[in-house]
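Please read the structure below before turning to the comments.
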Amino acid sequence: MAITTCPDCKKRISDQVNVCPHCDAVLGELTEENLARIRQRRWSKRVYLAKNLTYLGMTLVIVGAIWWWMAGWRSPVPQGAVFLIALGFLGYLVSRGWLFWLRLKRNRP
Ligand SMILES: [Zn+2]
């Protein structure tokens, strides 16, 4: 086993692998197993991203709510707080929808 560099990302990889572990570049013959592994990895990355977006959305809503609270729950609600809550809520809904769609896709090979 020797070390070589990936032609795509130039990172050091083993010459035994068919797919670069850093960037998923295909280096040799692509077998069914490799293809399945690449799909699985991409799927996992998207789920990870969607989950982070969900947390980001929740955080924005909480920050917006704290802002409103610091303003004394007054009406009119500070515009910045409205913006944060709306953006966070929208981001949350979109990322939940994305997660749901990703899970549906996984159950269908
Ligand atoms: Zn690479």
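What do you reckon, is Ala86 within 16 Å of the ligand (Cβ to nearest atom), without any contact (Cβ under 8 Å) to a residue 40 or more places away in the chain and open to solvent by less than 80 Å² (accessible area, probe 1.4 Å)? Taking the combined requirement at face value, the residue does not satisfy it.
Tell me the residue from Leu60, Leu49 that is away from the ligand (no atom under 16 Å from the Cβ), open to solvent by 80 Å² or more (accessible area, probe 1.4 Å) and under 20 Å from the mean Cα position of the chain (by Cα), please. Going through Leu60, Leu49 in turn, just one is away from the ligand (no atom under 16 Å from the Cβ), open to solvent by 80 Å² or more (accessible area, probe 1.4 Å) and under 20 Å from the mean Cα position of the chain (by Cα): Leu49.
Please work out if Trp43 is assigned to a helix (DSSP H, G or I) and either β-branched (Val, Ile, Thr) or surrounded by fewer than 12 Cβ atoms within 10 Å (Cβ to Cβ) (or both). Give the derivation first.
Numbers: assigned to a helix (DSSP H, G or I): yes; either β-branched (Val, Ile, Thr) or surrounded by fewer than 12 Cβ atoms within 10 Å (Cβ to Cβ) (or both): no.
Here the answer is no, as Trp43 does not meet what is asked.
Could you list, in sequence order, the residues of the stretch 25-46 that are under 29 Å from Tyr92 (Cα atoms) and either near the ligand (Cβ under 8 Å from one of its atoms) or among the aliphatic types (A, V, I, L, M) (or both)? The one that is under 29 Å from Tyr92 (Cα atoms) and either near the ligand (Cβ under 8 Å from one of its atoms) or among the aliphatic types (A, V, I, L, M) (or both): Ile38.
Taken together, the residues in the stretch 1-22 that are open to solvent by less than 50 Å² (accessible area, probe 1.4 Å) and either under 18 Å from Arg42 (Cβ atoms) or outside any loop (DSSP other than H, G, I, E, B) (or both) amount to 6.
The values are calculated or read from the model by the stated rules, or taken from the named source; none is laboratory data. Because the structure is predicted, anything quoted here is derived from the model rather than measured. Cβ sites come from the backbone with ideal geometry, for glycine too, and all protein chains shown count toward neighbours. Side chains included, ligands, DNA and RNA excluded: accessible areas come from the protein's heavy atoms. Shrake-Rupley method; radii C 1.70, N 1.55, O 1.52, S 1.80 Å.
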